[in-house]
Amino acid sequence: MDLIIEGIKKAFFLIFTLDREVLGITLLSLKVSGLATLISLFIGISVGTAVALSRFPGRQLVVSLINTGMGLPPVVVGLFVTIFLWRNGPLGFLEILYTPTAMILAQTVIAAPIVTGITLAAIQHLPANLRLQILALGATRVQMVWLLVKEARLPLLAAVMAGFGGVISEVGASIMVGGNIKGYSRVLTTATVMETSRGNFDIAIALGIILMILTFLVNAILTQIQQRERPR
Amino acid sequence: MNPESHPQIILQAEDLHVRRGGVPVLAIPALSVVQGQILVLIGPNGAGKSTLLLALAGLLKPSRGNIIFRGKEIDAGGSGYRRRIAMAFQEPLLFDATVFDNVAAGLKIRGMGRAEIGRTVSAYLERFGIGHLAQRSARKLSGGEAQRTSLARAFVTKPEIIFLDEPFSSLDAPTREELIGDLERILRETHTTAIVATHDQAEALRLADRVAVMNEGKIAQIGPVAEVMNRPADGFVASFVGVETVLPGRVIRTSDGVFIAAVEGGEIEAVGRVRPGAAVLCCIRPEHVTISTNSPLSGSSVRNVFPGAIRKITPLGLFHRVRLDCGFDLVAYVTRQSLENLALHEGKNVTASFKATAVHVIPRGTLQV
């Protein structure tokens, strides 16, 4: 019991004194996962909308693949991104293995299918005739797609939450492609794993609390927007 | 300008075919829509009404055929033609935004300035009686209010043709009545050409200048309302339009809830509160018309008594459909027994009668039949 209480005390001390190492780890976590989520939004909303609005042979298979992709195990993503970025791998020339860039790449691979899948479902969930109604209002194709995405904005916010929530708490891929290098590619999850294995529970608890506060804050903000948007 | 004397064709379809999954769902050899008129497509579900509307609106690419708008073939890919028309569906299909923003959508799409949008939208909100709802969320509207918003959104862009696909079907009866009246008034005020799909005969009678009866992807008959109702081209049209006698007329005298309407070739007494001079459609169901071979009796409770000649007798299972010429066309049903007892045959002179209460009166804003 003492272990936990001491751990929590130390954790709050580290947080409120803005411990430089903890702060650096936190900021890098936000940067890597934030960028990965942002890139995933661009990819996911485009691909999801395109698949939702088009009919082509093999579409069913593509939809199944996207849905499967929503549950990709991060360690498997980590494994394949590592292989691709390995010195003599297909993308080895980029020389980004064990860098934050590689972590952003891996996290994008995890988050993009989640955003794509939710976008696809959200757009398909709109009334079938809405697309025709928008065209009948004189919209160009681009305006039509924009209005549909705007109409699906609430589920798309859920996509942002799910994507960000998925990558900020992910550890397998980050540790494999980032290497958990101190002061360079160490993020909240990889640091928590390491400190726990070393028996430094106080720091591990501090990192865990920060991680939870972060995810809570981000989701609280998005929920706030979502609830304000919802018709009263 | 009288549109009847110089009918100007605004929209034409030629050899229009639509297939879905290899199955033909629409086959229209030719169709013309006259500027300023209301064409009502009537037919059962699956007759191809919606498909025809979508194809004519440039929202569905036909597998074959041309659609010609003001003399030029439409470009289905671009937004040029679509910006000159508008369409409203059975579902209101409103955006998750305020009523104002919904009605403004078409204008925003066209890049209209803020101030002008404000003025134009306000005017149309008033016109459709939803001015007080401007800032309300579209998700909080009743069915009637939502459909009014949808119609205002369609009209606000001042379309040259408006396409309406079963716009009243999901509304309850009183709401529907009120909205049809308003729509009719606005269509006449703005002289907008309209193509309306419905499966409801009453709506068709109320709105149509011309009616096209559709069945199995084809137009079974097209023409002025009275013509289609009185002279159905085939059994399907007859059964679908209910074989009513429909007589366009004008009220010439009223007294005490009873009025006399002048129709082509005669005067009809009917029950209803209308003002003198009003245009009406007098509908008489064939089962309410009695045929006798006696000469007209005076003093009977039946006031509408007309001598006439039998033009055509069509067997319809249990009944025979008898078309009479009484100066106007009148359709009656008689049983086989009566047919034999009265020795009815084509060309025979008889007396037809129906009660004033048997006349179903439909008021019409303006009459162009």
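What follows draws every value from the coordinates through simple rules; no lab data is involved. Just so it is clear, the model here is predicted, and its values are computed rather than measured. Don't worry about glycine lacking a Cβ; one is built from the backbone with ideal geometry, like all the others, and counts go over all protein chains shown.
Which of A:Y98, A:Y184, B:Y81 comes first, and how do the rest follow, when ranked by fewest Cβ neighbours within 10 Å? Let's see the in-between values first.
Details: A:Y98 18, A:Y184 13, B:Y81 21.
Ranked by crowding around the Cβ, least crowded first: A:Y184, A:Y98, B:Y81.
Grab the DSSP H runs of chain B that are 4 residues or longer, score each as -39,500 (n - 2.57), total them, divide by all residues and round the 222 nm result to the nearest 500 deg cm²/dmol.
On the way: 9 runs with 90 residues, N = 369.
About -7000 deg cm²/dmol.
Expressed as an acute angle from 0 to 90° and rounded to the nearest 10, what is the orientation of the C-alpha long axis of helix B:114-127 relative to the principal long axis of chain B?
So the helix axis and the longest Cα principal axis differ by about 20 degrees.
Got the relative contact order for chain B handy, in percent, Cα pairs under 8 Å and 6 or more residues apart? Provide the component values of the computation, followed by the final result.
Details: 770 pairs, mean separation 56.1, N = 369.
Computed over chain B, the figure is 15 percent.
Indicate the gyration tensor shape class of chain A (rounded, prolate or oblate), computed on the Cα atoms with a ≥ b ≥ c the square roots of the eigenvalues: a/c under 1.5 is rounded; otherwise a/b larger than b/c is prolate and the rest oblate.
Details: a/c = 2.85, a/b = 1.62, b/c = 1.76.
It is oblate, given that a/c is not under 1.5 and a/b is not larger than b/c.
How many percent of Cα pairs in the stretch B:9-242 exceed 22 Å? Show your work: numbers first, answer last.
On the way: 14229 of 27261 pairs.
Every Cα pair in the stretch B:9-242 considered, those over 22 Å come to 52 percent.
Would you work out which of B:G257, B:N230, B:F240 lies farthest towards the positive end of the dipole of the stretch B:224-275, given +1 charges on the beta-carbon of Lys and Arg and -1 on that of Asp and Glu, about the Cα centre?
It is B:G257, whose Cα lies furthest towards the positive end.
How much net charge surrounds B:I117 when only the other residues with a Cβ under 14 Å from the Cβ of B:I117 are counted, with Lys and Arg +1 and Asp and Glu -1? Mind showing how you got there, number by number?
Values: positive: B:K108, B:R110, B:R114, B:R119, B:R153, B:K158; negative: B:D101, B:E116.
Residues near B:I117 contribute +4 overall.
Quick one, could you list the DSSP H helices from chain A stretching 30 Å or more along their long axis (Cα atoms) with average Kyte-Doolittle hydropathy of -0.5 or above? Provide the component values of the computation, followed by the final result.
Working: long enough: A:20-53 (49 Å, 1.61); A:100-125 (37 Å, 1.33); A:201-229 (41 Å, 1.39).
Result, helices passing both filters: A:20-53, A:100-125, A:201-229.
If neighbour count is taken as other Cβ atoms inside 10 Å, put B:D15, A:D19 in order from fewest to most. Before the final figure, lay out each step's value.
Working: B:D15 12, A:D19 15.
Least to most surrounded, the residues fall as B:D15, A:D19.
Quick one: which residues, 5 or more positions from B:Y81 or on another chain, have an amide H under 5 Å from its amide H? H modelled 1.01 Å from N in the peptide plane, none for Pro or chain starts.
Amide H to amide H, under 5 Å and 5 or more residues apart or across chains, B:Y81 pairs with B:D75.
Is the shape of the protein assembly as shown rounded, prolate or oblate, going by the alpha carbon gyration tensor and its root eigenvalues a ≥ b ≥ c, with a/c under 1.5 for rounded and a/b larger than b/c for prolate? Let's see the in-between values first.
Values: a/c = 3.37, a/b = 2.88, b/c = 1.17.
It is prolate, given that a/c is not under 1.5 and a/b is the larger ratio.
For the stretch B:246-364, with only Lys/Arg (+1) and Asp/Glu (-1) charged at the beta-carbon, what is the dipole magnitude about the Cα centre, in debye rounded to 20?
240
With runs of 4+ DSSP H residues as the only contributors, calculate the mean residue ellipticity of chain A at 222 nm using -39,500 (n - 2.57) per run, divided by the residue total and rounded to the nearest 500. Walk me through the intermediate numbers first.
Values: 11 runs with 179 residues, N = 232.
The per-residue figure over chain A is -25500 deg cm²/dmol.
Give the shape of the stretch B:23-68 as rounded, prolate or oblate, defined through the alpha-carbon gyration tensor: a ≥ b ≥ c are the square roots of its eigenvalues, a/c under 1.5 means rounded, and otherwise the shape is prolate if a/b is larger than b/c and oblate if not.
Details: a/c = 1.81, a/b = 1.17, b/c = 1.55.
Cα axes put the stretch B:23-68 in the oblate bin.
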